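Visitor: Got a structure for you, questions after.
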Amino acid sequence: MGSLETLTTTTSVENGTNANCNGNQLQQQQQQNHHGDGFDAPTDVDKERERLISSKNQNQILNPHPQPQQHQQPLTPDNDGSLRRRRLGGAGGAGGSPLEVGSRVMCRWRDGKYHPVKVIERRRLPCGGPNDYEYYVHYTEFNRRLDEWVKVEQLDLNSVETDVDEKVEDKATSLKMTRHQKRKIDETHVEGHEELDAASLREHEEFTKVKNIATIELGRYEIETWYFSPFPPEYNDTLKLFFCEFCLNFMKRKEQLQRHMRKCDLKHPPGDEIYRSGTLSMFEVDGKKNKVYGQNLCYLAKLFLDHKTLYYDVDLFLFYVLCECDERGCHMVGYFSKEKHSEESYNLACILTLPPYQRKGYGKFLIAFSYELSKKEGKVGTPERPLSDLGLLSYRGYWTRVLLDILKKHKSNISIKELSDMTAIKADDILTTLQGLDLIQYRKGQHAICADPKVLDRHLKAAGRGGLDVDVSKLIWTPYKEQG
């Protein structure tokens, strides 16, 4: 499950006002620390994410009048000479030679500071000269979701470097990859892609390297996208898509959406409402009965999940779509999917909370809901593997809170199997969670759970707050059974 830090601007499209992720209609929202898999991580997870990503002061992102910062770019070669660098001052346009794909340069980001980037792709400006390009860059300090097209004015051309061993030949728009590059990719940064071998990872990153859709409009919000999504070819030249928030059909123009909304008779996802508590509703959508909706949901989700496999055969899946409801209808805030029949006891295949609704506890709610369904089925469940580092942290936060709450209340000895029966959490997940907390001890030839109250309280505090509670009394649901 993918993850990493971002700064996302979510703008309300009602009356031309701005809206932040909490629904505030009076200010522009610049959202930080999103999980690509839609998780709302507890406090310690936030700290771990920041440690994994960057040590930058996040408050600087909100500086309304940023000033360019001084930076230094050392040009010292490696000891083995394998990364010899040369400076390319004066390149990049305005009469100079354009930057090559693969070049490294300092780029002014939206925080007003310069950050190291790698040029991933380039394209000529439609009204410029033969050497006038804009560049698609990857900020090497951050996750790919922050990749973007930048103008040459944002680049410090005095800092341009090219790795000689990684020099890209711009022939037939293909990438000539050296042995050094391949080894470098093999050995570094496969977060969110642990299931991919080195060759598959290179193929994935090459195919998805340039974000194709920049923004979407969904209901009240205009949302910056994070990743590439393989929309049909006719949308290749479309930077913004307009989604019907109820049926998830997407269009190229606002006028098309407006005409569609006048005809669309849906006010909620096309499925059965299985949960309603206050303004919160959950709908179960059968991918076989609602194939177009399921495929459109996958297209939408892929814009915010780097690693997600796009299943065109959605017949095999059930989609659980969480909505906030008001007088205008039920508005999707996130979802999770699960296979109708899983031999591995997976109770969740994919999970996402949409950016405007993150940091409100919905990700934790979706995880908890998946386990409530497992309890109804009379089965133990576990999320589909592999999990990314931060996905695992989010689940361990949930497992920790649930298990330690039980241990605090349980006065007598309790076994792993009993905990599994009570929570629907797979025994292996319980064992690894408790071992990670040093709560498993080996006594008299067998493993025993150490449940010292002070130790439990310390671990619960570290796990952070839980999400929204699932009111099981409001869940009206029967397990899926194949018709006929």
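Visitor: Could you derive backbone 3J(HN,Hα) for the stretch 279-284 from the dihedral phi with the Karplus parameters 6.51, -1.76 and 1.60 (θ = phi - 60°), listing whole Hz in sequence and x where the residue is Gly or Pro?
Guide: 9, 9, 10, 10, 10, 9
Visitor: Exactly which GluC sites (Glu not before Pro) in the stretch 308-384 are in a DSSP loop and have at most 12 other Cβ atoms within 10 Å?
Guide: 327, 343, 344
Visitor: Sticking with this structure for a sec: Quick one: which residues, 5 or more positions from residue 159 or on another chain, have an amide H under 5 Å from its amide H? H modelled 1.01 Å from N in the peptide plane, none for Pro or chain starts.
Guide: Here 106 satisfy the definition.
Visitor: Here are some pairs, 408/444; 113/209; 364/481; 252/340; 211/426; which of them have Cα atoms lying more than 30 Å apart in this structure?
Guide: 252/340; 211/426
Visitor: Identify the chymotrypsin sites (Phe, Trp or Tyr not before Pro) of the stretch 271-350 meeting these criteria: DSSP loop state and at most 13 other C-beta atoms within 10 Å of the C-beta.
Guide: For chymotrypsin sites (Phe, Trp or Tyr not before Pro) across the stretch 271-350 that sit outside H, G, I, E and B with at most 13 neighbouring Cβ atoms in 10 Å, the list reads 312.
Visitor: Still on this model: Residue by residue, what Karplus-based ³J(HN,Hα) values in Hz, rounded to whole numbers, does the stretch 108-116 have, using 6.51, -1.76 and 1.60 with θ = phi - 60° and x for Gly and Pro?
Guide: 7, 8, 5, 7, x, 9, 8, 10, x
Visitor: Considering amide H positions built from the backbone, and no H for Pro or chain starts, which residues 5 or more places from residue 381, or on another chain, come under 5 Å of its amide H?
Guide: 425, 426
Visitor: So, one more: Hey, can you grab everything whose amide H is under 5 Å from the amide H of residue 249? Only 5+ residues off in sequence or another chain; H modelled, so Pro and N-termini drop out.
Guide: Amide H to amide H, under 5 Å and 5 or more residues apart or across chains, residue 249 pairs with 244.
Visitor: Something else about it: Using θ = phi - 60° and the Karplus form 6.51 cos²θ - 1.76 cosθ + 1.60, what ³J(HN,Hα) does each residue of the stretch 412-427 get, whole Hz, x for Gly and Pro?
Guide: Result, ordered by residue: 9, 5, 9, 9, 4, 5, 5, 4, 5, 5, 6, 10, 6, 7, 4, 4 Hz.
Visitor: In Å², and per residue, what accessible area does the stretch 283-388 have when probed at 1.4 Å with the other protein chains present?
Guide: 32
Visitor: Given the peptides 263-271, 120-128, arrange them by the average over their residues of other C-beta atoms within 10 Å, most packed first.
Guide: Put in order of decreasing packing, that is 263-271, 120-128.
Visitor: Right, here's the next one. Just how large is the dipole of the stretch 239-392 about the Cα centre, in debye to the nearest 20, putting +1 at every Lys and Arg Cβ and -1 at every Asp and Glu Cβ?
Guide: Charge dipole, the stretch 239-392, about its Cα centre: 600 debye, nearest 20.
The values are calculated or read from the model by the stated rules, or taken from the named source; none is laboratory data. Model, not experiment: these values are computed from the prediction. Cβ: placed from backbone, ideal geometry, glycine included. Neighbour counts: every protein chain shown. Heads up: the accessible areas ignore ligands, DNA and RNA and are worked out on the full protein's heavy atoms, side chains in. Shrake-Rupley method; radii C 1.70, N 1.55, O 1.52, S 1.80 Å.
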